[in-house]
Each structure stands twice: as C-alpha cells, then as structure tokens.
C-alpha cells in the first residue's frame, strides 16, 4: 500500500530499535511523514540515514530531554495525526532518575505523560489518535496512589514494570474518556513478547525469557511481528471505533486486570500524576 498514508504525520517514541523502528520503517514506506525518536545517538543516526529524516534524541530518564523533545516536535509538526507512546523498558534493580523518580515508572509512564501534556494543544487541534504500548504484564502490577514509586513496598523489577504498564493502560483509558472534550482518541496494545533489547539484564522468569537463547527462541516473536498491531492501529483503523480499547496483538481484549477497568482509579491516577509532575517541576 505505498503512498496510502501520504499527508499523515506520525510521531513514534522509542523508535530507534525494536518494534518502534520496525513500525517507523513500515509507516514511512506507506507514505506517512514519520518522526521517530530515541535515546541512542548511534541508533538515531543509523535510522536517520535509512529513512532520510532527522531523528530527535531524548532520554526519558531526564525530564529536560522530554521538554526539549516536545519543543522539537511542535516546531517540526504543524499537525500530529498519530502519537505513539512506545518508549520504555525494564531495569533490573530499583534506581531513581536525576528528576527523583523511580526509573521504570518515569521512563514508561511519567515521561510519556509529560510529553503528552506538552503537545496537548497540537494533538487536540489535529484530533489525533494516541497509541500507548502497554503489556499483558499490567496484570502483575498494582497501583497504590500513596506509593507509585515503590518507596514503601518491596521492589521487584517485574512487578514495577507491570505497575508502570498498568499506569499506561489507565492513562490511555482516561485520555479516551476525555475524547468528547478534547477530540483526542486513544488506544493501548500489547505487542507480544518481542525478542528486542527489552528486558536485557533482568532476572527471574523475565530473565529466562529475554536473556537466554532458548527462552528467546521458544517464547518471543521478532520485531516486525511485534510491530504489526502498532502499524495496524496507526494506519488501518477508525480512531473513534477503537477509542478506549486495549488490543492484545491484533485483537481487542477485554480480559484486563480489575484495576485496569477502574474508571475512577484512572481519573485519580491522572490527577495524582499531574500533581507529581507539578511538584517535580518546582523542585
């Protein structure tokens, strides 16, 4: 379908490797103006040469990078038809960023939330679709508004990642609930267990899957297959028809966790996140 997305602008974070890079290639090949972003200068340079477009660099472990990225996106994109929140990952041990937040929560959830808020007006003007990369791992997560960052609870890399992905899913659903007022629609998806750099260095069950040759061969899929739902949602759906949904690969999936279906929690998490980011900006 070369050329069928001509005139559409698609911004993809976490796009210099994994499913983000695969989706960027496919969508650009179909004629979209793709703005891929990533944190590795070397990978950004390689993708830039391949696609013939500038690739902004931003490390989501630094809010200053996110603010700079938002300014670049607004400067380059008079409209944004699709914004894909795809950046993130899992870290093996608990750590805090220079902004004072737990690393997994910031890179997977707080930084995308900040980016979203900084480009909100452009998204609303464009009646954009926001696509959020979540995960079935959200079922292992638990939102505690009094302890989002695992300062009181025992820390587990897998559970912290699941909590961040649960927050992403709640963010997508609250954004979808506000669509009538903002014009911005939203959908979340799980790409499958992808054999990318995700999870490198982790331990436990995730480590067996992502850090061993046997685990990767038996339980993971390649980047192109993992990118298929992202491409499908960015290019082949009516945004209003998928607003508020969660896809497991290529199919809508209603079997999310109880917290993921809690509309009141989604709203309270949104408000708590706004307060958290406002406090971070003042400090």
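Taking helices (runs of 4 or more DSSP H) that do not extend beyond the stretch 1-103, which have at least 1 residues that are within 23 Å of residue 276 (Cβ to Cβ)?
Counting at least 1 such residues, we get 63-76.
Just the residues that are at pLDDT below 95 and closer than 19 Å to residue 159 by Cα, please, taken from the stretch 251-269.
255
If I ask for residues that are in contact with a strand residue (DSSP E or B) (Cβ under 7 Å, 6 or more places away or on another chain) and closer than 25 Å to residue 235 by Cα, which ones from the stretch 89-115 would you list?
Within the stretch 89-115, just 112 meets the criteria.
For the stretch 39-60, what are the residues that are closer than 22 Å to residue 120 by Cβ and touching a residue at least 24 places away in the same chain (Cβ under 8 Å)?
Passing the criteria: 58, 60.
Only one residue in 39, 62 is at negative phi and surrounded by fewer than 19 Cβ atoms within 10 Å (Cβ to Cβ), so which one is that?
On the way: 39 fails: surrounded by fewer than 19 Cβ atoms within 10 Å (Cβ to Cβ).
Unique residue meeting the criteria: 62.
Residue 31 versus (1) in contact (Cβ under 8 Å) with a residue 60 or more places away in the chain; (2) at positive phi: which is the lone unmet condition?
Every listed condition holds for residue 31 apart from (1).
If we scan the stretch 190-213, do we find a residue that is over 21 Å from residue 91 (Cα atoms) and either under 19 Å from the mean Cα position of the chain (by Cα) or at pLDDT 95 or above (or both)?
no
The values are calculated or read from the model by the stated rules, or taken from the named source; none is laboratory data. Keep in mind that what you see is a predicted model, and the values were worked out from it rather than measured. A quick note on method: Cβ atoms are made from the backbone with ideal geometry, for glycine too, and the neighbour counts reach across all protein chains shown.
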